[in-house]
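Colleague: Can you keep this structure in mind? I'll have questions shortly.
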Amino acid sequence: MGVMVARRAAVLAVLLAVAGCTASAPGHMVPSASSPVPASGGLTSSSGPGGGRPASGAPVGGGTLGEAGCHPASPLTASSIGVGEQVEGTGHGAQLWGLLMFRHFGPARVGDQEKIVWRMTGSGPLTLTAVSPGGVRHRPVWGPEAHGGSNWNKPGQEWGAGYVFTAPGCWDLHADRGSAYADVWIRVIKR
């Protein structure tokens, strides 16, 4: 019983720390391959049957799961395979999950090459873009590279990608597949 309380307290502490991201510029837009997507929120989680919000992914302080500007940031949870943390995206017409395969503990760091394994539902090729706190769009330094499969049990096809973040703050990791799109907002810290 004491272990469960300690584990829940640790998860809550991580969620509260992640919720401290800084806001990006008001009116910031993230275009998708087919149409503009406002990064001001308004999208809801697409996970689970019927597109509902999972009990484990309830946002801290209310609002939409993984809202723009990191208010709140996309919540991190322990991965189901015991390696890295996982993050659920906020999607429109698709589900998106990221497995953070960082070589260090904690949030992504400026200047480090950070690997993320993505799972996304939908059809067509995957296009990835990282939008900095200042609104500058970056492509991954490598990927997306299709994976034949893994033991990470999340919906959709799987790819790997590498990112090098150039500034601290709240980053929007945007994914497109055909007319479907999704976003993950993560906090990046100085090294």
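Colleague: All but one of (1) over 14 Å from I186 (Cβ atoms); (2) at pLDDT below 95; (3) in a loop (DSSP other than H, G, I, E, B) hold for A94; state the number of the condition that does not hold.
Modeller: (2) is the only condition that A94 fails.
Colleague: Being out of contact with any Lys or Arg (no Cβ under 8 Å at 6 or more places or on another chain) and more than 21 Å from S80 (Cβ to Cβ) is the filter here; which residues of the range 105-118 pass it?
Modeller: Result: Q113, single match.
Colleague: Would you check if W152 is assigned to a strand (DSSP E or B), farther than 15 Å from A73 by Cα and among the aromatic types (F, W, Y)? Please lay out each step first, then the result.
Modeller: On the way: assigned to a strand (DSSP E or B): no; farther than 15 Å from A73 by Cα: yes; among the aromatic types (F, W, Y): yes.
Spelling it out, it is not the case that W152 is assigned to a strand (DSSP E or B), farther than 15 Å from A73 by Cα and among the aromatic types (F, W, Y).
Colleague: Filter the range 119-137 down to residues that are of a type outside the set (S, T, Y), touching a residue at least 60 places away in the same chain (Cβ under 8 Å) and either crowded, with 19+ Cβ neighbours inside 10 Å or in contact with a Lys or Arg (Cβ under 8 Å, 6 or more places away or on another chain) (or both), then give me how many there are.
Modeller: Total meeting the criteria: 3.
Matching residues to (1) within 16 Å of Y163 (Cα to Cα); (2) of a type in the set (S, T, Y); (3) in a loop (DSSP other than H, G, I, E, B); (4) out of contact with any strand residue (DSSP E or B) (no Cβ under 7 Å at 6 or more places or on another chain):
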{"site": "R103", "(1), (2), (3), (4)": "yes, no, yes, yes"}
{"site": "G106", "(1), (2), (3), (4)": "yes, no, yes, yes"}
{"site": "G124", "(1), (2), (3), (4)": "no, no, yes, no"}
{"site": "T129", "(1), (2), (3), (4)": "yes, yes, no, no"}
{"site": "P133", "(1), (2), (3), (4)": "yes, no, yes, no"}
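So that you can scan it fast, the table gives a plain yes or no per residue for (1) in contact with a Gly (Cβ under 6 Å, 6 or more places away or on another chain); (2) surrounded by 14 or more Cβ atoms within 10 Å (Cβ to Cβ); (3) more than 18 Å from P75 (Cα to Cα):
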position: W97; (1), (2), (3): no, yes, no
position: M101; (1), (2), (3): yes, yes, no
position: R139; (1), (2), (3): no, no, yes
position: D176; (1), (2), (3): no, yes, yes
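The values are calculated or read from the model by the stated rules, or taken from the named source; none is laboratory data. Please read all numbers here as calculations on a predicted model, not as lab measurements. Backbone-built Cβ (ideal geometry, glycine too); neighbour counts: all protein chains shown.
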